[in-house]
Amino acid sequence: MDGEPRKALFLDRDGTINVDYGYVCQKERFDFIDGVFELCRKARRLGYLIVIATNQSGIERGYFTEADFEALTAWTLERFREEGVEIAAVFHCPTLSGDDRKPKPGMFLKAKALLNIDMSASVSLGDKERDVEAGIAAGVGKNLLFVPAPFEKDASFENENKAPENKNVENNGAFENKQKGCEKEIKKPKTAATAVVGSMKEAEEWL
Ligand SMILES: [Mg+2]
């Protein structure tokens, strides 16, 4: 490809662009995460290409078809367009193994080749450690782990010593709840990420 390499913002899909309800395959269950359009608009203004790289093992598992995925992707890209955001490319891995399935970097490397991406100037954002690992393996400069702020720090929080619901990081013991008076705090997970961000607004600061 001609021209200078361009930087990219690599986005995971489920749990990063949309709420991860588990094997999301229809637009009725596709709820955009707050701030994701603003993040993408800022990234575009700063010259980033936006690339979606998503594990979609629900296809191999038989939960939905390739055609279902493509239809949902077309709808998603149209919603981004309506919000003023052009997505440069979408890569998905339909299988449970292989070089494309994150934490392997295959999708990122395909994007690099297709779009002439300067990986070290690029940023990745995902909600699982495997997203971070794939970015690192592909040479992405900054790899952000999105862990949505699970609850307000207030005394009404009742589920002590329990990982919060509605978060997508697997609770493999990396989370620890900590009590400070009547205020609970989630310790940041152990991660190889450049940073853990609790919101899309926070992610913007890393562009
Ligand atoms: Mg995800």
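The values are calculated or read from the model by the stated rules, or taken from the named source; none is laboratory data. What you see is a predicted model, and the numbers here were worked out from it, not measured in a lab. Glycine gets a Cβ as well: all are built from the backbone with ideal geometry, and neighbour counts include every protein chain shown.
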- Query: Within segment 30-38, is even one residue in contact with a strand residue (DSSP E or B) (Cβ under 6 Å, 6 or more places away or on another chain), under 20 Å from Leu144 (Cβ atoms) and among the small types (Gly, Ala, Ser)?
  - Reply: no
- With the checklist (1) within 14 Å of the chain's Cα centre (by Cα); (2) farther than 16 Å from Ala203 by Cα; (3) not basic (Lys, Arg) in hand, flag the one item Leu11 doesn't pass. (2)
- Give me the pairs: first residue in segment 125-138 and among the β-branched types (Val, Ile, Thr), second residue within 11 Å of the ligand (Cβ to nearest atom), beta-carbon distance under 6 Å, and six or more apart or on different chains, which are they? Val132/Leu145
- Item | In segment 97-112, the residues that are of a type outside the set (Lys, Arg), without any contact (Cβ under 8 Å) to a residue 60 or more places away in the chain and surrounded by 14 or more Cβ atoms within 10 Å (Cβ to Cβ) | Asp100, Pro103, Pro105, Gly106, Met107, Leu109
- Restricting to segment 50-72, what's the tally of residues that are in contact with a Leu (Cβ under 8 Å, 6 or more places away or on another chain) and either over 18 Å from Lys128 (Cβ atoms) or away from the ligand (no atom under 15 Å from the Cβ) (or both)? 3
- Residue, modelled with the highest pLDDT, within segment 1-49, restricted to residues that are among the aromatic types (Phe, Trp, Tyr) and within 13 Å of the ligand (Cβ to nearest atom): Phe10
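Yes/no per residue for (1) more than 17 Å from the chain's Cα centre (by Cα); (2) at negative phi; (3) in contact (Cβ under 8 Å) with a residue 24 or more places away in the chain:
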site	(1), (2), (3)
Ile52	no, yes, yes
Tyr63	yes, yes, yes
Thr73	no, yes, no
Glu78	yes, yes, no
Gly84	yes, no, yes
Thr95	yes, yes, yes
Leu114	yes, yes, yes
- Query: If Ala149 passes every condition in (1) out of contact with any Phe, Trp or Tyr (no Cβ under 8 Å at 6 or more places or on another chain); (2) in contact (Cβ under 8 Å) with a residue 60 or more places away in the chain; (3) part of a loop (DSSP other than H, G, I, E, B) but one, which one does it miss?
  - Reply: (2)
- Phe108 is checked against (1) farther than 23 Å from Tyr21 by Cβ; (2) of a type outside the set (Gly, Ala, Ser); (3) in contact with a His (Cβ under 6 Å, 6 or more places away or on another chain) and fails just one. What number does that condition carry? (3)
